[in-house]
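Written out below as structure tokens is the structure these notes cover.
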Amino acid sequence: MNCPYCGSNDSRVMDSREVNEGIRRRRQCLDCESRFTTYERIQPVSLFVIKKDSRREVFDRQKVLDGIRKACEKRPLPADTVDRLADDVEAEVYGMGRAEISSRVVGDMVMRRLKELDHIAYIRFASVYREFADITALKEEVDTLLDSEAQVTTPAAQLPLLPDEELEVVVGKRGRRRK
Ligand SMILES: [Zn+2]
């Protein structure tokens, strides 16, 4: 079991728990101290993801991880958030015990989690995943999000045009007010 960061094969198990029909272990590399996760489970017959164009491809955790990582880029999230999110989605995917799963279902699993975690990351992910046809569809999604947590209206269509810092201020304020 090599560390995904430095390649060392010395790691210690920090935590292990049963998830669905497997065991999830959090490990820490003894060389570089990076943390990563491993799963031990019975491998079902390959799980296929059915894409929008009906093509099938083998489910790949890495792809989920890449999508989440991209959405969370430069967001103020704890370092292992992205990995844990991918772990959770993977566990849920396999936990369904199906041989095939729609890419839409996988995307929704990611979005549900991102929505609770970070709204900017959520919108970024949703805009790629749902392939919003135009700015109106994107605006509707942003509006829904804002309506759910604040009465103050901001011209949502302008949100993506603001620099990151201002976006954070806007979203950050709302987040605090809510609590
Ligand atoms: Zn390492």
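The values are calculated or read from the model by the stated rules, or taken from the named source; none is laboratory data. Keep in mind it's a predicted model, so treat the numbers as computed, not measured. Cβ coordinates were reconstructed from backbone atoms using ideal geometry, including for glycine residues, and neighbour counts include every protein chain displayed.
Does any residue of segment 136-143 turn out to be assigned to a loop (DSSP other than H, G, I, E, B), modelled with pLDDT under 80, of a type outside the set (Asp, Glu) and exposed (fewer than 11 other Cβ atoms within 10 Å of the Cβ)? Walk me through how you get there before you give the answer.
As a first pass, look at segment 136-143 and keep what is assigned to a loop (DSSP other than H, G, I, E, B): none.
Within segment 136-143, none of the residues are assigned to a loop (DSSP other than H, G, I, E, B), modelled with pLDDT under 80, of a type outside the set (Asp, Glu) and exposed (fewer than 11 other Cβ atoms within 10 Å of the Cβ).
Can you pull out the residues in segment 24-61 that are more than 16 Å from the ligand (Cβ to nearest atom), part of a strand (DSSP E or B) and either among the hydroxyl-bearing types (Ser, Thr, Tyr) or within 14 Å of ARG84 (Cα to Cα) (or both)? Lay out the reasoning, then the answer.
The first filter runs over segment 24-61 and keeps only residues more than 16 Å from the ligand (Cβ to nearest atom), leaving 24, 39-61.
Checking which are part of a strand (DSSP E or B) leaves us with 24, 39-41, 48-50, 56-58.
Within segment 24-61, ARG24, TYR39 meet the criteria.
A quick yes/no check of all residues on (1) buried (at least 16 other Cβ atoms within 10 Å of the Cβ); (2) more than 21 Å from ARG113 (Cβ to Cβ):
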{"site": "ASN2", "(1), (2)": "no, yes"}
{"site": "SER11", "(1), (2)": "yes, yes"}
{"site": "GLU18", "(1), (2)": "no, no"}
{"site": "ARG27", "(1), (2)": "yes, yes"}
{"site": "ASP53", "(1), (2)": "no, yes"}
{"site": "ARG56", "(1), (2)": "no, yes"}
{"site": "GLN62", "(1), (2)": "no, no"}
{"site": "ASP66", "(1), (2)": "no, no"}
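Go through segment 69-117 residue by residue and tally those that are among the acidic types (Asp, Glu) and either touching a Pro at 6+ places or on another chain (Cβ under 7 Å) or in a loop (DSSP other than H, G, I, E, B) (or both). Spell out how you get there, then give the answer.
To start, the set of residues in segment 69-117 that are among the acidic types (Asp, Glu) comprises 73, 80, 83, 87-88, 90, 92, 100, 108, 116.
Right, trim to either touching a Pro at 6+ places or on another chain (Cβ under 7 Å) or in a loop (DSSP other than H, G, I, E, B) (or both) and you get 73, 80.
Number satisfying all stated conditions: 2.
Return a yes/no flag: does segment 11-23 have any residue that is basic (Lys, Arg), more than 16 Å from the ligand (Cβ to nearest atom), in a strand (DSSP E or B) and farther than 24 Å from GLY107 by Cα.
Just the residues of segment 11-23 that are basic (Lys, Arg), to begin with: 12, 17.
Add one more test, that the residue is more than 16 Å from the ligand (Cβ to nearest atom), and what stays is 17.
Applying the additional criterion that residues be in a strand (DSSP E or B) yields 17.
Retained after the next criterion (residues that are farther than 24 Å from GLY107 by Cα): 17.
Yes, some residue in segment 11-23 is basic (Lys, Arg), more than 16 Å from the ligand (Cβ to nearest atom), in a strand (DSSP E or B) and farther than 24 Å from GLY107 by Cα.
For (1) touching a Lys or Arg at 6+ places or on another chain (Cβ under 7 Å); (2) closer than 17 Å to VAL110 by Cβ; (3) not small (Gly, Ala, Ser), each residue gets a yes or a no:
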{"site": "ARG27", "(1), (2), (3)": "yes, no, yes"}
{"site": "SER54", "(1), (2), (3)": "no, no, no"}
{"site": "ASP60", "(1), (2), (3)": "no, yes, yes"}
{"site": "ASP80", "(1), (2), (3)": "yes, yes, yes"}
Practice problem: Among the residues of segment 77-92, write down those that are surrounded by 20 or more Cβ atoms within 10 Å (Cβ to Cβ) and in contact with a helix residue (DSSP H, G or I) (Cβ under 6 Å, 6 or more places away or on another chain). | Solution: VAL82, LEU85, ALA86, VAL89, GLU90
